[in-house]
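Student: There's a structure below that I have some questions on.
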Amino acid sequence: MKSRQNDVVWCATGLGYRYPSGDREAIEEATLGVTTGEIVALVGPNGSGKSTLIRLLVGARKPNRGKTELLGRRLAAWSALEIARRVGIMAQHEEPAFPVTVRELVTTGRYPHLGAWRRPGADDHRAIERALEQCRVDTLADRSFVTLSGGERQRARLARALAQEPLALALDEPTAALDISSEMSIWELLRAEAAKGKTVLLSTHNLNLAARYADRLILLHRGRVAADGAPETVLRERTLSEVYGWPVKVTPHPGPGPDQGAPQVVPLHPESAS
Amino acid sequence: MSRGVVLASLVLAVAAAIAISLRFGAVGLGWSGVWDGLTGDGDPIAVAITRDLRLPRAVLAALVGGALGLAGATFQALLRNPLADPYVLGVSGGAAVGAVVAIGAGWAGAAAWSLPVSAFAGAALAIALVLRIATNVERRLDVRVLLLAGVVAGTFFNACILLALSFQEAEAFRAAVFWMMGGLGGASWRLVWMLALALSGASIALLGLSRSFDLIAHGEETAGFLGVPVQRVRLSAYLIASLLTAGAVVAAGGIGFVGLFVPHTVRLLWGGGHRFLLPATLLVGAAFLPLADTVARVITAPAELPLGVITAFVGVPFFVLVLRRQTRQAPA
Amino acid sequence: MDLIGREVLTTNRVLWIVAAASLALANCNRPQQSAAEQNDAATRLPAQRVVSLVPSMTDAIVALNAADRLVGRTRYDIAPEIADLPSVGGGLDPSLEALIALEPDLVIGWESAEYRGLRARLEAGGIAFHATSIEDTTDVFRSLDELGVLLDLPDRAAILAAEVRESLAGVSETGLRHPKPTVFYALLGDPPRTAGRRTFVGQLIEVAGGAPAFGEFHDGWPEVSLEAVLAAQPDILVVASDDTTIGVRRAFAEQPGWRDLTAVREGRIVVIRADLLNRPGPHLGSVARTLHDALVDVWGAR
């Protein structure tokens with residue numbers, strides 16, 4: 001365990017949620033916890049409830065059942081601004097309606113601290129510059145967001161979340177549709193942030209990288225928590241084949257590197273399943 | 001050019017536009033004639049023309065232009081749609097129906113304030129209706145349906161006006177032209193004060209919301225994640241934009257496209273967040289409309305063109321331009 | 001993708017060409033149509049069942065003692081002789097069905113583009129259509145002549161015309177204080193309109209002893225900006241309204257711009273009933289008399 005203290009960031013018990021127009025529960029009986037400094041990856045097939053669970057944990061949706069605590073306090077007792085000062089949240093999709101530069105985008109990360117009227121001060125500018133550098137988008141600061149590549153966009157959005165100077169990050173598929181180097185740079189960045197004590201909760205479809213970078217995986221299946229624990233305990237061939245409906249094989253990462261030995265998932269040809 | 005310099009120059013541009021609007025008209029007074037008229041030193045006719053006709057008209061034009069520009073910028077930010085504008089969305093039409101109802105029912109005769117209040121109710125109802133039509137089961141706004149809903153609502157409101165006016169024969173046609181095409185011929189100081197009051201209150205309130213607008217324009221869900229009370233911001237901003245639209249409609253009838261191309265001009269020229277965009281839009285609108293009205297008064301003098309004709313001649317090509325840019329940017 | 005793009009472009013070009021060609025076609029079609037429009041109702045005279053869509057012509061028919069030939073009226077015709085007749089609606093937008101149901105043999109209407117369909121359908125149904133245009137007093141007398149022919153009452157028409165001429169001349173002989181006041185006929189609007197010198201209203205003003213303000217305008221009903229009215233400072237305002245004189249004067253005194261007119265401030269506003277002033281018919285002489293007397297009231301007699 002990497003976590004230095006065992007402070008609980010998120011603690012949810014018995015969560016249940018159904019979308020107003022949904023025909024089934026999007027989340028059912030979900031119980032989970034996230035402690036400080038952890039990287040926790042939510043994994044599971046499409047529609048298994050990963051995004052919904054993140055929305056419930058950050059207060060964007062109110063659960064029909066169960067309770068959630070953030071930093072030891074009932075989530076419902078937090079205002080949206082209070083949450084935003086502590087949790088940097090990244091939605092899956094975002095399409096600016098009007099042209100915006102990277103710096104303008106990252107600057108909006110200071111909103112939770114500035115409110116409607118206060119002018120950005122030295123602290124704010126420092127936070128913005130640091131976030132731009134950390135995510136290596138400082139050289140793109142004056143580019144228009146829509147002209148960026150997919151990887152650059154995600155780094156710019158992550159920079160905005162970091163400019164919030166949050167204790168924790170909640171990221172919905174931050175590495176979706178990225179090429180290898182873009183994806184790896186995001187994971188490396190998250191690992192560096194976690195090493196500095198930041199808590200990271202993210203959803204992803206990349207089981208192999210999650211296995212290498214996350215301290216813990218939470219596998220969701222039809223809105224329920226199917227498995228929760230260290231990568232090697234969650235990534236079991238039988239569980240995964242059942243949840244994903246596809247035969248897989250799990251082998252250790254061949255190395256070299258610090259992740260040598262981490263469980264890696266290889267989908268098999270459908271007829272080769274034994 | 002820094003943002004402050006831009007805003008300062010725009011203030012000068014508004015002053016220049018009002019000056020030009022004062023200078024030109026059916027009767028040639030010359031700069032000195034206008035000055036003497038304003039100071040009261042000129043002959044009584046020049047005084048009457050400048051003080052009683054041109055000055056309230058020019059100032060009202062500036063206020064209407066500013067109000068429409070601001071309303072347009074607000075709708076565009078909230079709806080995340082660069083083609084939104086009070087006229088396109090049918091909000092102007094709703095305000096006009098409210099005004100016509102107040103006149104037809106005799107409320108306007110009984111109490112002067114009932115006309116703007118009724119127009120405001122019409123505008124608010126119109127935007128509520130259009131949003132209701134364009135909201136899908138997931139309670140998300142369908143932007144493609146939105147403009148269609150606006151056009152449908154606008155057409156319906158025009159029909160309502162024509163219906164209401166067909167019961168009052170005399171002058172009905174002229175009144176219909178006013179409510180549908182707009183005009184500043186009825187300018188008076190009373191209207192100026194009314195609109196100035198609404199506009200200054202609305203400007204301050206909108207400036208307070210401007211950061212939220214930035215975030216909402218980037219993405220509604222993200223705005224919520226950054227702590228913006230999206231629903232509350234949207235509700236208050238819709239009400240403010242309806243108020244501005246209603247004020248403009250009561251003062252000058254239905255003038256189209258100002259709210260569309262003024263915010264875009266500001267975006268194209270200077271870009272930037274709403275903290276700058278909103279005041280800049282207010283000022284560009286306030287500079288544009290007195291000039292457009294001057295053209296409308298002078299080009300066929302002593303006859304006058306409807307103001308809506310001028311704004312449409314500027315606005316429609318602009319609308320097409322924005323539309324084409326947008327469809328080109330959209331992924332194939 | 002590229003192919004589709006090219007196809008769209010080609011389609012677009014074809015559309016432009018079609019539009020341009022249609023326009024050209026529409027253009028060369030025009031003279032033929034207007035030739036076809038040329039008058040007139042050369043059928044079955046004298047007319048026995050008449051509907052007049054032109055109120056002043058209706059008045060003239062009544063004045064010719066031929067009210068019994070009328071089988072319908074517009075909603076603006078309220079003379080007691082014909083008030084009981086069925087209405088066909090407005091003068092410019094009558095109900096075609098109501099018209100046909102009355103089985104007229106002659107319909108008198110305006111020379112107006114709005115009628116194109118109406119006129120063709122009436123004529124197709126064997127109903128004669130007489131188009132008239134009354135701009136000035138000459139047209140009034142011409143239309144009386146025409147009515148004489150259409151109704152086969154030339155003698156009565158000639159007598160009526162003589163009476164109208166006489167009453168107009170009678171007004172001209174009496175007099176208004178000199179110098180002649182400039183008179184502005186105000187059709188309210190944004191901007192206001194007035195009557196050209198060669199319209200019946202312009203001529204009525206002259207007959208009544210005034211000089212039309214903006215006499216430089218000859219034809220029609222030109223828009224005149226309020227500024228120009230202010231600069232001209234006419235001596236008297238003439239307004240067609242069903243409101244009382246006091247009501248009209250008060251309304252003008254409250255309007256920015258209008259209230260700066262000396263004529264308004266000094267109460268020199270003459271109000272004539274709209275259905276009198278706007279009907280260039282057999283009552284022209286009495287309207288002129290009314291106008292003259294009202295002008296004398298505010299300006300003084302010679």
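The values are calculated or read from the model by the stated rules, or taken from the named source; none is laboratory data. Quick caveat, the model's predicted, so the values are computed rather than measured. Here the Cβ is made from the backbone with ideal geometry for all residues, glycine too, and neighbour counts use every protein chain on show.
Student: Enumerate the pairs (first residue in the range B:285-308 and at the interface with another protein chain (Cβ under 9 Å from one of its Cβ atoms); second residue anywhere and of a type in the set (Phe, Trp, Tyr)) with beta-carbon separation below 6 Å, excluding pairs fewer than 6 apart on the same chain, so at least 6 apart or on different chains.
Tutor: Close Cβ pairs (under 6 Å, with a partner that is of a type in the set (Phe, Trp, Tyr)) do not exist here.
Okay, residues lined up against (1) outside any helix (DSSP H, G or I); (2) buried (at least 18 other Cβ atoms within 10 Å of the Cβ); (3) away from chain A (no Cβ under 14 Å):
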residue: B:Ala112; (1), (2), (3): yes, no, yes
residue: B:Phe120; (1), (2), (3): no, yes, yes
residue: B:Ala124; (1), (2), (3): no, yes, yes
residue: B:Ala128; (1), (2), (3): no, no, yes
residue: B:Ile133; (1), (2), (3): no, no, yes
residue: B:Leu148; (1), (2), (3): no, no, yes
residue: B:Thr155; (1), (2), (3): no, no, yes
residue: B:Asn158; (1), (2), (3): no, yes, yes
residue: B:Ala164; (1), (2), (3): no, yes, yes
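Student: Checking the condition part of a helix (DSSP H, G or I) and without any contact (Cβ under 8 Å) to a residue 60 or more places away in the chain, which residue from C:Asp145, C:Asp139 passes? Give the steps one after another, and end with the answer.
Tutor: Numbers: C:Asp139 fails: without any contact (Cβ under 8 Å) to a residue 60 or more places away in the chain.
Only one candidate passes the filter, namely C:Asp145.
Student: Select from the range A:244-274 the residues that are in contact with a strand residue (DSSP E or B) (Cβ under 8 Å, 6 or more places away or on another chain), without any contact (Cβ under 8 Å) to a residue 40 or more places away in the chain, part of a loop (DSSP other than H, G, I, E, B) and on the phi < 0 side of the Ramachandran plot and list them in ascending order.
Tutor: The answer is A:Trp246, A:Pro247, A:Gln260, A:Leu268.
Student: Is there a residue in the range A:101-111 that is hydrophobic (A, V, I, L, M, F, W, C) and touching a Gly at 6+ places or on another chain (Cβ under 9 Å)?
Tutor: No: zero hits.
Student: Still on this structure, I have one more. Can you pull out the residues in the range A:110-142 that are hydrophobic (A, V, I, L, M, F, W, C) and surrounded by fewer than 20 Cβ atoms within 10 Å (Cβ to Cβ)?
Tutor: Hits for the range A:110-142 are A:Leu114, A:Ala116, A:Trp117, A:Ala122, A:Ala141.
Student: Moving to a separate point now. In the range C:256-271, how many are surrounded by fewer than 19 Cβ atoms within 10 Å (Cβ to Cβ) and either within 8 Å of chain B (Cβ to nearest Cβ) or closer than 21 Å to B:Leu305 by Cα (or both)?
Tutor: Summing the residues that are surrounded by fewer than 19 Cβ atoms within 10 Å (Cβ to Cβ) and either within 8 Å of chain B (Cβ to nearest Cβ) or closer than 21 Å to B:Leu305 by Cα (or both) in the range C:256-271 gives 1.
Student: Considering (1) within 28 Å of A:Ala12 (Cβ to Cβ); (2) under 21 Å from the mean Cα position of the chain (by Cα), say which one A:Ala77 fails and leave the rest.
Tutor: Only one criterion is unmet by A:Ala77, namely (2).
Student: Please go through the range A:105-124 and give me each residue that is facing chain B (nearest Cβ under 9 Å), without any contact (Cβ under 8 Å) to a residue 12 or more places away in the chain and closer than 14 Å to A:Ala163 by Cβ, ordered by number.
Tutor: Residue satisfying the conditions is A:Leu114 alone.
Student: Can you confirm whether B:Pro44 is out of contact with any Ser or Thr (no Cβ under 8 Å at 6 or more places or on another chain), within 14 Å of chain C (Cβ to nearest Cβ) and either among the charged types (D, E, K, R) or over 15 Å from B:Ala252 (Cβ atoms) (or both)? Don't jump to the end; show me each part of the working.
Tutor: Details: out of contact with any Ser or Thr (no Cβ under 8 Å at 6 or more places or on another chain): yes; within 14 Å of chain C (Cβ to nearest Cβ): yes; either among the charged types (D, E, K, R) or over 15 Å from B:Ala252 (Cβ atoms) (or both): yes.
Criteria met by B:Pro44.
Student: Taking only the range B:59-80 into account, find how many residues are of a type in the set (A, V, I, L, M), crowded, with 24+ Cβ neighbours inside 10 Å and more than 12 Å from B:Tyr238 (Cα to Cα).
Tutor: Of the residues in the range B:59-80, 7 are of a type in the set (A, V, I, L, M), crowded, with 24+ Cβ neighbours inside 10 Å and more than 12 Å from B:Tyr238 (Cα to Cα).
Student: Is one or more of the residues making up the range A:151-164 within 13 Å of chain B (Cβ to nearest Cβ) and surrounded by fewer than 20 Cβ atoms within 10 Å (Cβ to Cβ)?
Tutor: Checking the range A:151-164: not a single residue is within 13 Å of chain B (Cβ to nearest Cβ) and surrounded by fewer than 20 Cβ atoms within 10 Å (Cβ to Cβ).
Student: With under 26 Å from C:Gly91 (Cβ atoms), modelled with pLDDT of 90 or more and exposed (fewer than 15 other Cβ atoms within 10 Å of the Cβ) as the only criterion, which of C:Glu146, C:Glu123, C:Glu163 stands out? Outline the logic, then answer.
Tutor: Values: C:Glu146 fails: exposed (fewer than 15 other Cβ atoms within 10 Å of the Cβ); C:Glu123 fails: modelled with pLDDT of 90 or more.
Criteria check complete, one pass: C:Glu163.
Student: Looking at the range A:87-98 only, could you name the residues that are more than 7 Å from chain B (Cβ to nearest Cβ) and touching a residue at least 60 places away in the same chain (Cβ under 8 Å)?
Tutor: Those that are more than 7 Å from chain B (Cβ to nearest Cβ) and touching a residue at least 60 places away in the same chain (Cβ under 8 Å): A:Val87, A:Gly88, A:Met90, A:Gln92.
Student: Now a separate question. Is there any pair with a first residue in the range A:3-20 that is within 14 Å of chain B (Cβ to nearest Cβ) and a second that is surrounded by fewer than 17 Cβ atoms within 10 Å (Cβ to Cβ) and at pLDDT below 95 whose Cβ atoms are under 8 Å apart and which are 6 or more apart or on different chains, and what are they?
Tutor: Close Cβ pairs satisfying both conditions: A:Arg18/A:Arg24; A:Arg18/A:Asn64; A:Tyr19/B:Glu138; A:Pro20/B:Val137; A:Pro20/B:Glu138; A:Pro20/B:Arg139.
Student: Continuing with this model, one more query. Which condition number in (1) touching a strand residue (DSSP E or B) at 6+ places or on another chain (Cβ under 8 Å); (2) within 13 Å of chain B (Cβ to nearest Cβ) is the one that A:Gly49 fails?
Tutor: Of the numbered conditions (1) touching a strand residue (DSSP E or B) at 6+ places or on another chain (Cβ under 8 Å); (2) within 13 Å of chain B (Cβ to nearest Cβ), the odd one out for A:Gly49 is (2).
Student: Of the residues that sit in the range C:181-194 and are modelled with pLDDT of 90 or more and either away from chain B (no Cβ under 14 Å) or not in a loop (DSSP other than H, G, I, E, B) (or both), which one is surrounded by the most Cβ atoms within 10 Å (Cβ to Cβ)?
Tutor: Ranking the qualifying residues of the range C:181-194, first place goes to C:Val183.
Student: Working carefully through the options B:Leu291, B:Leu277, B:Leu269, B:Leu305, find the one that is modelled with pLDDT under 85, more than 14 Å from the chain's Cα centre (by Cα) and part of a helix (DSSP H, G or I).
Tutor: Matching residue, one of B:Leu291, B:Leu277, B:Leu269, B:Leu305: B:Leu269.
Student: Anything in the range C:229-249 that is in contact (Cβ under 8 Å) with a residue 24 or more places away in the chain, of a type in the set (Val, Ile, Thr), assigned to a helix (DSSP H, G or I) and within 14 Å of chain B (Cβ to nearest Cβ)? List them, or say none.
Tutor: Of everything in the range C:229-249, just one residue is in contact (Cβ under 8 Å) with a residue 24 or more places away in the chain, of a type in the set (Val, Ile, Thr), assigned to a helix (DSSP H, G or I) and within 14 Å of chain B (Cβ to nearest Cβ), namely C:Val229.
Student: Still on this structure, I have one more. Do any helices (runs of 4 or more DSSP H) lying entirely in the range B:19-84 carry at least 1 residues that are under 20 Å from the mean Cα position of the chain (by Cα) and more than 30 Å from B:Ala217 (Cα to Cα), and which ones are they?
Tutor: B:55-79
Student: Looking at B:His274 and the list (1) without any contact (Cβ under 8 Å) to a residue 40 or more places away in the chain; (2) buried (at least 23 other Cβ atoms within 10 Å of the Cβ); (3) in contact with an Asp or Glu (Cβ under 7 Å, 6 or more places away or on another chain), which single condition is not satisfied?
Tutor: (1)
Student: Determine which member of the set C:Leu277, C:Leu204, C:Leu226 is facing chain B (nearest Cβ under 9 Å) and out of contact with any Lys or Arg (no Cβ under 8 Å at 6 or more places or on another chain).
Tutor: Answer to the selection: C:Leu226.
Student: Inspect all residues belonging to the range A:239-258 and state whether any of them is over 30 Å from A:Ala122 (Cβ atoms), modelled with pLDDT under 95 and of a type in the set (D, E, K, R).
Tutor: yes
Student: What is the one condition in (1) without any contact (Cβ under 8 Å) to a residue 24 or more places away in the chain; (2) within 14 Å of chain A (Cβ to nearest Cβ); (3) in a helix (DSSP H, G or I) that B:Asp214 does not satisfy?
Tutor: Condition not satisfied by B:Asp214: (1).
Student: Given A:Ala84, A:Ala127, which one is more than 10 Å from every other protein chain (Cβ to nearest Cβ) and not in a loop (DSSP other than H, G, I, E, B)? Can you show your working first?
Tutor: On the way: A:Ala84 fails: more than 10 Å from every other protein chain (Cβ to nearest Cβ).
Selected residue: A:Ala127, the only one of A:Ala84, A:Ala127 that is more than 10 Å from every other protein chain (Cβ to nearest Cβ) and not in a loop (DSSP other than H, G, I, E, B).
Student: What single numbered condition from (1) on the phi > 0 side of the Ramachandran plot; (2) in contact with a Lys or Arg (Cβ under 9 Å, 6 or more places away or on another chain) fails to hold for A:Val234?
Tutor: (1)
Student: Does the range B:313-324 contain any residue that is away from chain C (no Cβ under 14 Å) and either modelled with pLDDT of 90 or more or buried (at least 23 other Cβ atoms within 10 Å of the Cβ) (or both)?
Tutor: Looking for residues that are away from chain C (no Cβ under 14 Å) and either modelled with pLDDT of 90 or more or buried (at least 23 other Cβ atoms within 10 Å of the Cβ) (or both), one finds at least one in the range B:313-324, hence yes.
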